[in-house]
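So the structure is just underneath, and the comments pick up after that.
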Amino acid sequence: MPRAMNVVPSRGSRIILALLPFLLIALVYVIGSAERRAANPDDKLLPPVSEMVATTKRLAAEPDRRSGEYVLWADTAASLQRLALGLGISALVGLVLGLAIGLLPVAGASFGTLVAVLSMIPPMAVLPILFIVFGLGELSKVVLIIIGVTPMLVRDLSLEVGSMPREQLIKAQTLGGSTWQVAIRVALPQIMPRLIKCMRLMIGPAFLFLISAEAIAADVGLGYRIFLVRRYLSMDVILPYVAWITLLAYLFDLALVFIGRRAFPWAYEQEARR
């Protein structure tokens, strides 16, 4: 009799097993919503699915009476712009500093401890400082994402560079490679897959920082809309927005996986054999 740890589901079984938890969650929600509405027709905590669909359709397909914008898409565009800027700058800074700290002993001795300390600071604790220094505009929201994501990227990438076989670096220098050439042609290609994996792990925290900043000081955005309607207990807006944010984060993750597999297939050979 095979052990459970050795049972590998087929492709069709994987799809069914992946969908099963979502179906169970949906079933529990529908039953709970029906029971609460039966007990109290004015209950707002668990709105019926039909009510959430109607609200989502209104926000996505009907222009707002005051601004004339399609609320869902305006909020999505504003949040994604902030998120893309924050993650893009974080990736660039994390890659440069991680490469320098991991490859150059002087840079590691100078900035390694500093980055380790900075990575321990809760980003939400400095949010008031950011609003004071950078104001309530777009810059403070982007900076919060950068502060929350960059130190972790720098630490992880510097450790990745430091774990490279020393023989590779010595051989590259023996063949006449300068420090710059070793960094660009030897170290950089090997840490790029790690950067993509780190970015996948940072998508959730980045959304957290973004929504927190939007909830406090914004006039448009996914986080702004959620905290705007919470005072009215508008769960028919909040729950679809939460689901939409989750879907966007998942699509970001899929996009990074696609980019990683296409750009660096050699880094995923071991996963393909499983």
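Evaluate the charge dipole of the stretch 4-46 about its Cα centre and quote only its size in Debye, nearest 20, assuming +1 on the Cβ of each Lys and Arg and -1 on the Cβ of each Asp and Glu.
On the way: 5 positive and 3 negative charges, 47 e Å.
In total the dipole reaches around 220 debye.
Please check which bits of the stretch 217-250 a label hung off GLU51 would reach, taking the label as a point 7 Å along Cα-to-C-beta and the cut-off as backbone N under 16 Å.
From the stretch 217-250, the list is 229-241.
Where nothing but the Cβ of Lys and Arg (+1) and of Asp and Glu (-1) is charged, how large is the charge dipole of the stretch 62-157 around its Cα centre, in debye to the nearest 20? Please report the intermediate quantities before stating the final value.
On the way: 5 positive and 6 negative charges, 43 e Å.
Rounded to the nearest 20 debye, it is 200 debye.
Under a 1.4 Å probe, what is the accessible area of the chain per residue, stated in Å²? All intermediate terms of the calculation are to be shown ahead of the outcome.
Numbers: 17080 Å² over 274 residues.
About 62 Å² of surface per residue is accessible.
Determine the relative contact order of the chain: mean sequence separation of Cα pairs under 8 Å and six or more apart, normalised by residue count, in whole percent. Let's see the in-between values first.
Details: 246 pairs, mean separation 58.9, N = 274.
Answer for the chain is 22 percent.
Pull up the cross-link candidates among the aspartates and glutamates for LYS57, meaning alpha carbon to alpha carbon under 20 Å and not fewer than 8 places away within one chain.
Partners within reach: GLU69, ASP75, ASP236.
Please work out how much length the chain gains when fully extended from ILE89 to LYS44, using 0.36 nm per residue of separation minus the C-alpha to C-alpha distance, in nm with one decimal.
Numbers: separation 45, 0.36 × 45 = 16.20 nm, distance 4.05 nm.
Answer, rounded to one decimal: 12.1 nm.
Candidates (i) 232; (ii) 204; (iii) 255; which is the computed volume of the Cα convex hull per residue in Å³?
(ii)
How high is the FRET efficiency from ASP219 to TRP180, r the C-beta distance, R0 35 Å, rounded to 0.05?
Numbers: r = 46 Å, r/R0 = 1.31.
Here the calculated transfer efficiency is 0.15.
Relative to the first principal axis of the alpha-carbon coordinates of the chain, what is the inclination of helix 105-118, with its axis defined by its Cα atoms, in degrees from 0 to 90 and to the nearest 10?
For helix 105-118, the angle is close to 20 degrees.
For the chain, which whole-number percentage of the solvent-accessible area (1.4 Å probe, protein heavy atoms only) is attributable to carbon and sulfur atoms? Don't skip to the end; give the middle numbers.
Working: 11590 of 17080 Å².
Carbon and sulfur: 68 percent of the exposed surface of the chain.
Using θ = phi - 60° and the Karplus relation 6.51 cos²θ - 1.76 cosθ + 1.60, list the HN-Hα couplings for the stretch 187-198 in order, rounded to whole Hz, with x at every Gly or Pro.
For the stretch 187-198, the Karplus-derived couplings read 6, 4, x, 7, 9, 4, x, 5, 4, 5, 5, 5 Hz, x marking Gly and Pro.
Distance in nm between label sites at LEU19 and GLN173, each 7 Å beyond Cα in the beta-carbon direction?
Each label point is offset 7 Å from its Cα along the Cβ direction, giving 5.8 nm.
Given a Förster radius of 30 Å and the C-beta distance between PHE134 and SER67 as r, what FRET efficiency does 1/(1 + (r/R0)^6) yield to the nearest 0.05? Write out the running numbers ahead of the final one.
Numbers: r = 26 Å, r/R0 = 0.85.
Step by step, r from the Cβ atoms, then E = 0.75.
The values are calculated or read from the model by the stated rules, or taken from the named source; none is laboratory data. Because the structure is a prediction, the values reported are computed rather than measured. Here the Cβ is made from the backbone with ideal geometry for all residues, glycine too, and neighbour counts use every protein chain on show. Just the protein is used for accessible areas: all its heavy atoms, side chains included, with ligands, DNA and RNA removed. Shrake-Rupley method; radii C 1.70, N 1.55, O 1.52, S 1.80 Å.
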